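One structure is given here, and the rest of the page talks about it.
The values are calculated or read from the model by the stated rules, or taken from the named source; none is laboratory data. Everything numeric here is computed off the predicted structure, so don't read it as measured data. Positions of Cβ are generated from backbone atoms using ideal geometry, with glycine treated the same way; all protein chains shown enter the neighbour counts. Calculation scope for accessible area: heavy atoms of the full protein, side chains included, ligands and nucleic acids excluded. Shrake-Rupley method; radii C 1.70, N 1.55, O 1.52, S 1.80 Å.
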Amino acid sequence: MVGNVPVGGDAPITVQTMTNTPTEDVAATIDQIRRCEDAGADIIRVSCPTEESTSNFDRITRAASVPIVADIHFHYKRALEAADKGAACLRINPGNIGSSERVAEVVRAAKANGCAIRIGVNAGSLEKDLLEKYGEPCPEALIESALDHIKLLQDHDFHEYKVAVKASDVFLAVAAYHGLAEAVDCPLHLGITEAGGLVGGTVKSALGIGSLLWAGIGDTIRVSLSAEPEQEVKVGYEILKSLGLRTRGVRVVSCPSCSRQGFDVIRTVEALEKRLEHIKTPMSLSVLGCVVNGPGEARETDIGLTGGGSGKHMVYLSGVKDHHIESEDMLDHIVKLVEEKAALIEAGDAIAFDPHAKEAAE
């Protein structure tokens with residue numbers, strides 16, 4: 001358990017992110033946490049590099065509606081302070097946290113405060129002895145570091161932990177996670193660290209994290225992007241949605257557009273994604289520019305929009321063509337349909353929304 005969120009076993013795979021505001025600026029940090037919560041973050045990590053950053057840490061943990069992980073590097077005392085101030089989990093890096101005695105103090109603080117611990121092994125900060133042994137970061141070095149630290153926690157009779165073996169190189173990270181998954185039976189936190197900007201980092205993360213999840217490896221994920229943390233959460237959910245592992249929000253099926261399009265597909269999808277960000281109810285929406293693939297895709301989605309001629313487009317409800325809509329009314333109309341269906345699903349009354357569903361049910 002990370003706070004009230006289960007991690008591992010049959011629990012849903014959770015999506016994490018990390019704030020990038022100065023933790024000392026409590027108001028700014030809480031504001032960013034709010035935005036990440038709205039985007040769907042299950043767990044949020046906050047860096048604790050200074051004594052000032054932990055002095056008001058309890059204000060942050062009390063304000064958050066999701067568990068807060070305290071990110072600790074170099075100064076083990078920050079972990080002790082964060083544990084006392086309401087951290088649900090302590091993230092420690094075996095490469096820079098210090099001696100086993102210091103780790104023991106962190107374990108005692110975690111036990112006393114009901115904290116979990118994440119062992120965060122990173123290719124960029126491996127222990128010196130492992131670098132000397134292996135010559136460079138490699139899967140074997142990452143795994144050995146993780147196993148050494150797991151043993152240290154177990155020697156102190158501490159078992160509420162999860163482990164990450166991250167690297168910026170996709171092949172290195174994936175190989176390390178496969179090896180670790182064969183060696184241990186504990187929750188694994190997935191990530192391709194320092195993945196890059198929004199586009200490049202998304203591609204690297206989708207390849208690395210996605211391939212591991214597809215193989216059945218991983219219990220919680222963080223997409224590391226040089227972008228605002230809300231974007232990390234959105235990309236994380238898109239990875240999970242693509243694999244059928246989480247279904248939060250609207251899943252949009254849309255075409256890349258061509259000269260056959262009956263409306264501007266690209267701008268329409270951009271506008272719809274923006275205006276439907278607040279929808280948390282799982283549902284599917286197809287937006288296709290013409291009748292070549294439009295009707296077929298619409299048959300497989302909750303709501304479908306297919307481009308037609310003369311500015312009149314077809315709207316499908318639960319896979320059945322229902323009515324037409326003019327171009328100028330299209331955006332507002334589709335948003336209204338999605339919002340209405342979301343409300344009815346939440347109320348457990350989807351049949352009332354879809355006149356064809358009653359016939360199908362009968």
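Name the residues in the range 118-151 that are part of a helix (DSSP H, G or I) and either touching a strand residue (DSSP E or B) at 6+ places or on another chain (Cβ under 6 Å) or among the aromatic types (Phe, Trp, Tyr) (or both), would you? Ala123, Tyr134, Leu142, Ser145, Ala146, His149, listed by residue number.
Between Glu182, Glu105, the distinction of being open to solvent by 10 Å² or more (accessible area, probe 1.4 Å), under 16 Å from Arg78 (Cβ atoms), in a helix (DSSP H, G or I) and not hydrophobic (A, V, I, L, M, F, W, C) belongs to Glu105 only. Is it true that some residue in the range 50-63 is open to solvent by less than 10 Å² (accessible area, probe 1.4 Å) and part of a strand (DSSP E or B)? Within the range 50-63, none of the residues are open to solvent by less than 10 Å² (accessible area, probe 1.4 Å) and part of a strand (DSSP E or B).
Can you find a residue in the range 243-263 that is closer than 30 Å to Gly8 by Cβ, modelled with pLDDT of 95 or more, under 18 Å from the mean Cα position of the chain (by Cα) and of a type in the set (Gly, Ala, Ser)? No, there is no match, as no residue in the range 243-263 is closer than 30 Å to Gly8 by Cβ, modelled with pLDDT of 95 or more, under 18 Å from the mean Cα position of the chain (by Cα) and of a type in the set (Gly, Ala, Ser).
Any idea which of Val265, Val250 is touching a helix residue (DSSP H, G or I) at 6+ places or on another chain (Cβ under 8 Å) and either free of Cβ contacts under 8 Å to residues at least 60 places away in the same chain or farther than 18 Å from Gln16 by Cβ (or both)?
None of the others qualify; the one that does is Val250.
Entry remark, the range 153-179: residues being farther than 11 Å from Ile119 by Cα and either in contact with a Cys (Cβ under 7 Å, 6 or more places away or on another chain) or in a helix (DSSP H, G or I) (or both) number 12 in total.
Any residue at all in the range 114-124 that is among the charged types (D, E, K, R) and touching a helix residue (DSSP H, G or I) at 6+ places or on another chain (Cβ under 8 Å)? Give the steps one after another, and end with the answer.
Of the range 114-124, the ones among the charged types (D, E, K, R) are 118.
If we keep only those that are touching a helix residue (DSSP H, G or I) at 6+ places or on another chain (Cβ under 8 Å) too, we end up with none.
Among the residues of the range 114-124, not one is among the charged types (D, E, K, R) and touching a helix residue (DSSP H, G or I) at 6+ places or on another chain (Cβ under 8 Å), which makes the answer no.
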